[in-house]
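Accompanying notes for the structure given below.
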Amino acid sequence: MQMMLKLLPIAVLAFCLFSPMLKAASVKHLSLQDLCDLATVIVQAKVESSEAKWNDDQSAIWTHYALDVSETLKGEFDGDPVAHGKGGVVGTMGQAVSGEPTLAIDGEYLLFLWHDELNDRYRMLGKPQGVFAITRSEGEEAQAANSFSGVRVLKVGGEVVSERAGKISMTLPALIADVRAKTGADVASEIDEGDGEADTGDASDADSQTPGEGSNAPTSPPSATPNKAESDDE
């Protein structure tokens, strides 16, 4: 069960963040196909800035990450490109949410985001599973990898998935190509560049499905939002 620490002084918050008292959140394992199916927006971006703010009724703190998007692989933002994480520090008070990923300013990521309609925010899908940190070394191809940091990842039957066995790591070009193939972005690009016609087969049926309902969807997709299985307190 996810634990959330509310309205704590910074010193106490820091202690709790590094204490076993803050147990790992349990989340459902998401494959790359799951991430592609369930994400509302998929972007490659750098974090320009971050700011923690209270929500309207002062019941929760949200960290807002302003993004400089270099490539969009799926969907689009309603407004400015901003990702949101639950928790953060405002003044002398802080709020920690177990398993909630944090993004570094100037950090580069491939982000799989879902639109939390209840709070009207774009959040990291599957917690850290939907955050691929991009690393670059001179003379080598960029690398991208997600993690299981702060979460306990489970299969549908309840079996724990180890980070070594379940995390996704590959070169950035390979990951982008794979995402394009799994989201159908390559097909759309070919139609745009061609005469506007293509054999789409049962595309009309696929378009009517919500993310996660297709043949490659998770065995038990969340019924309302992609992160429902995370027991996230709103």
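Given the condition of a type in the set (Val, Ile, Thr), assigned to a loop (DSSP other than H, G, I, E, B) and modelled with pLDDT of 95 or more, answer yes or no: does some residue in the stretch 163-185 qualify?
For the stretch 163-185, residues of a type in the set (Val, Ile, Thr), assigned to a loop (DSSP other than H, G, I, E, B) and modelled with pLDDT of 95 or more: present.
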Per-region count, the stretch 51-86, residues touching a Phe, Trp or Tyr at 6+ places or on another chain (Cβ under 8 Å), free of Cβ contacts under 8 Å to residues at least 40 places away in the same chain and either on the phi > 0 side of the Ramachandran plot or among the β-branched types (Val, Ile, Thr) (or both): 1
Please work out which residue is farthest from Asp106 (Cα to Cα), limiting yourself to the stretch 127-149 and to residues that are part of a loop (DSSP other than H, G, I, E, B) and in contact with a Pro (Cβ under 7 Å, 6 or more places away or on another chain). Phe148
Which of the residues belonging to the stretch 95-111 are in a strand (DSSP E or B) and either free of Cβ contacts under 8 Å to residues at least 40 places away in the same chain or out of contact with any Cys (no Cβ under 9 Å at 6 or more places or on another chain) (or both)? Gln95, Val97, Glu108, Tyr109, Leu110, Leu111
Can you confirm whether Leu73 is crowded, with 17+ Cβ neighbours inside 10 Å, part of a loop (DSSP other than H, G, I, E, B) and touching a strand residue (DSSP E or B) at 6+ places or on another chain (Cβ under 6 Å)? no
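Going by what's in this entry, would Ile42 be described as at negative phi, touching a Cys at 6+ places or on another chain (Cβ under 9 Å), crowded, with 17+ Cβ neighbours inside 10 Å and of a type outside the set (Ser, Thr, Tyr)? Working first, answer last.
On the way: at negative phi: yes; touching a Cys at 6+ places or on another chain (Cβ under 9 Å): yes; crowded, with 17+ Cβ neighbours inside 10 Å: yes; of a type outside the set (Ser, Thr, Tyr): yes.
So Ile42 passes the test.
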From the list Leu5, Leu22, which one is surrounded by 13 or more Cβ atoms within 10 Å (Cβ to Cβ), touching a helix residue (DSSP H, G or I) at 6+ places or on another chain (Cβ under 6 Å), at pLDDT below 75 and assigned to a loop (DSSP other than H, G, I, E, B)? Leu22
Failed item, numbered, when Gln58 is tested on (1) of a type in the set (S, T, N, Q); (2) assigned to a loop (DSSP other than H, G, I, E, B); (3) touching a strand residue (DSSP E or B) at 6+ places or on another chain (Cβ under 7 Å): (3)
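The values are calculated or read from the model by the stated rules, or taken from the named source; none is laboratory data. Just so you know, these numbers come straight off a predicted model, no measurement behind them. Because the Cβ atoms are built from the backbone with ideal geometry, glycine has one as well, and the counts that use them run over all protein chains shown.
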